[in-house]
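Below is one structure; the comments refer to it alone.
The values are calculated or read from the model by the stated rules, or taken from the named source; none is laboratory data. Here the structure is a predicted model, which is why all the values come from computation and not from measurement. Here Cβ is always computed from backbone atoms with ideal geometry, including for glycine, and neighbour counts include all displayed protein chains.
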Amino acid sequence: MRVLVASGTWYPERNGVARVASEVGRRLTARGHQVTAIVPQVSGLPRTEQDGPLTVHRVIERGRLPLTLTDVLETARRARSIGPFDVMLAHGASTAVGLARARLPAPLVLVYHASYPRELRFMRPRLRWGRERLVAYVNEPIAIVLERAAVRHCKRIFVLSDYSRSLLAADHPHESQKIVSVSGGVDTSSFSPADGKHAARDRLGLDPDRRLLVTVRRAEPRMGIEHLLRALPIVSGEQVGLAVVGGGLLTDDLLRLSYRLGLNGLNGQVRFVGRVSEDELRDWYRAADLFVLPTVAYEGFGMVTLEALASGTPVVGTTAGATPQLLEPLDRRLVARGSDPEALAAAIGDALAFGDDAFRARCREYVLARFDWDRITRIWEGELAKVCASE
C-alpha cells in the first residue's frame, strides 16, 4: 500500500499521538509498504528525510493562527503536491480536515486519539484567567466544527480503546458505523527491564532501598497529579518517595502544593524531575517500584501505562478512560476505585505489597503477549487493507 500520513506531532516529540503516528508509520514500511508523512517543521531537522520506503516531510508551518486552523490549511496545501496514494491516515481532526480539503483520490481514515472539544470543556474552568483560558475559549468552537467535519468526511475511524469508541458513539451517533477498534502498542525492545531496577537507580542517583513511585504526566488539570500528591501522606506502610516526570501549565502550583503538604521538606519525599531525555525516561520507568497514573478524566489510551509495564514495573491507575481496559486483564487490584486521594492511596498500598519480582516479570510478559508494536501493526495493516479494498 501507498499510505499518506498526516499528523500534528511526530518523533522526536514524545506525546502519545507522536508515539503512535511515528511507530505505525515506521513499522508499516518495515512490512513492505510505502509511507509518506506530512508533519510539522522542527528546528534543526531537515525538511525531508528518506529512510527506505518511509518519507517524512517536515513542512507544516505554524504561525500566529491557532494550531487547529494552521494544521488544516498547511496539511491541505502540502498534500496537493505529492502522491498518488492508496489510503490517507490522519492523526487528529485538523489534519483529517486538511487531507479532505486536498481532495486527493484516496479514502481517508481518521485516527481518533481523544476528543479535543471535551478536553477543552473540562480544562477551561480549571485554568486561571489569562492567556491559557482565553485560548481555550477561542479553540472550543473551532475544535467542535473540525471534529464534526473530520468524522463526516472520513471513510473509517480508528480508535485505540473501547472508551474512545464510546465517546465517538455518544458525540456522533450517526457515524458510529465507521468506527474500527485497533490499539496502541509499545516498543518492547526500547522499553524493557534491561539491567534492572537497581542499575537504573544507580544511573539516576537514587536511594537504592527507598520505595519509589513514578508518574509521567503533563502538569494539566485532568492529569490528577494534585490527587497523587495528597495521597502520598496516607499511603499505608513505610514512607515512599515520588518522582513527577514532565512539565506543564500547573508545575508551579503543584510545587507549592507539595510544600504545603510537607512533602518537600527535610524528607524530600517528592521530586519534580521535569522533561527528560528518552534514555533517562526509560530509567525512571525501570527505577520505580510502582508507576501511578492518577488521571481524573479522558485517558484515551495510556501509552505511558504500556511503557511502564514493558519495563517490568506495575502500574496503578484510576477508572478514568481506557485505564481499566489495559490493567484489569493483568490484575483488577491495579485499578483504584476512584481518582480521589483516599482511593489512590489504598490501591498504591496494596500494589506495593504484592508487586514482587515475580509480578514485575508478569507485567512484562503481559505486554509482550498483547501490545508489542509488531503485533499491533499487523492489525492496523489489515484494517487499512480493508479500506483500500472497499474502494
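Only one of ARG375, ARG360, ARG370 is of a type in the set (D, E, K, R) and surrounded by fewer than 16 Cβ atoms within 10 Å (Cβ to Cβ). Can you tell me which?
On the way: ARG360 fails: surrounded by fewer than 16 Cβ atoms within 10 Å (Cβ to Cβ); ARG370 fails: surrounded by fewer than 16 Cβ atoms within 10 Å (Cβ to Cβ).
The conditions single out ARG375.
Which condition number in (1) in the same structural domain as CYS363 (by TED's automatic domain parsing); (2) closer than 23 Å to MET223 by Cβ is the one that GLU119 fails?
Here GLU119 clears every test but (1).
Note down all Cβ pairs under 8 Å where the first residue falls in the range 161-187 and is under 14 Å from GLU383 (Cβ atoms) and without any contact (Cβ under 8 Å) to a residue 60 or more places away in the chain, the second is among the acidic types (Asp, Glu) and surrounded by fewer than 19 Cβ atoms within 10 Å (Cβ to Cβ), and they're at least six residues apart or on different chains.
Final answer for the pair search is SER181/ASP162.
Pairs, please: C-beta under 6 Å, at least 6 apart or cross-chain, first residue free of Cβ contacts under 8 Å to residues at least 40 places away in the same chain and in the range 96-113, second aliphatic (A, V, I, L, M) and not in a strand (DSSP E or B)?
ARG101/ALA76; ALA102/ALA76; ALA102/ALA79
Would you mention how many residues in the range 153-175 are surrounded by 15 or more Cβ atoms within 10 Å (Cβ to Cβ) and farther than 30 Å from TYR366 by Cα?
Selection size over the range 153-175: 6.
Exactly one of these conditions fails for ASP195: (1) crowded, with 16+ Cβ neighbours inside 10 Å; (2) modelled with pLDDT of 95 or more; (3) more than 22 Å from SER94 (Cα to Cα). Give me its number.
Just one mismatch for ASP195, condition (1).
Go through (1) over 26 Å from the mean Cα position of the chain (by Cα); (2) in the same structural domain as GLU383 (by TED's automatic domain parsing) for SER181 and report which single condition fails.
Single failed check for SER181: (1).
Pull up the range 256-299, narrow it to residues that are in contact with a Ser or Thr (Cβ under 9 Å, 6 or more places away or on another chain) and among the polar types (S, T, N, Q), then point me to the one that is surrounded by the fewest Cβ atoms within 10 Å (Cβ to Cβ).
ASN264
Can you confirm whether the range 236-251 contains a residue that is within 24 Å of MET303 (Cα to Cα), more than 22 Å from the chain's Cα centre (by Cα) and not small (Gly, Ala, Ser)?
No, the range 236-251 contains no residue that is within 24 Å of MET303 (Cα to Cα), more than 22 Å from the chain's Cα centre (by Cα) and not small (Gly, Ala, Ser).
From the list GLY302, GLY338, GLY355, which residue is more than 21 Å from VAL20 (Cα to Cα), crowded, with 18+ Cβ neighbours inside 10 Å and at pLDDT below 95?
It is GLY355.
Can you list the strands (runs of 3 or more DSSP E) lying wholly within the range 1-117 that have 2 or more residues being buried (at least 23 other Cβ atoms within 10 Å of the Cβ) and within 25 Å of the chain's Cα centre (by Cα)?
Where strands (runs of 3 or more DSSP E) fall fully within the range 1-117 and carry at least 2 residues being buried (at least 23 other Cβ atoms within 10 Å of the Cβ) and within 25 Å of the chain's Cα centre (by Cα), they are 2-7, 34-40, 54-60, 87-91, 108-112.
Determine which member of the set SER94, SER81 is out of contact with any strand residue (DSSP E or B) (no Cβ under 6 Å at 6 or more places or on another chain), modelled with pLDDT of 85 or more, of a type in the set (Ser, Thr, Tyr) and farther than 27 Å from GLU299 by Cα.
Unique residue meeting the criteria: SER81.
I'd like to verify a number: residues in the range 118-158 that are modelled with pLDDT under 70 and among the basic types (Lys, Arg), how many?
Number satisfying all stated conditions: 3.
Within the range 137-155, can one find any residue that is under 28 Å from LEU232 (Cβ atoms) and not charged (D, E, K, R)?
Within the range 137-155, not a single residue is under 28 Å from LEU232 (Cβ atoms) and not charged (D, E, K, R).
If you scan the range 137-163, which residues turn out to be outside any loop (DSSP other than H, G, I, E, B) and within 20 Å of MET88 (Cβ to Cβ)? I'd like the intermediate steps shown before the answer.
Of the residues in the range 137-163, the ones outside any loop (DSSP other than H, G, I, E, B) are 137-153, 156-159, 162-163.
Matches in the range 137-163: LEU146, GLU147, ARG148, ALA149, ALA150, VAL151, ARG152, HIS153, ARG156, ILE157, PHE158, VAL159.
Which of the numbered conditions does LEU384 fail, given that it passes all the others? Conditions: (1) outside the structural domain of GLN239 (by TED's automatic domain parsing); (2) not in a helix (DSSP H, G or I).
Of everything listed in (1) outside the structural domain of GLN239 (by TED's automatic domain parsing); (2) not in a helix (DSSP H, G or I), LEU384 misses just condition (2).
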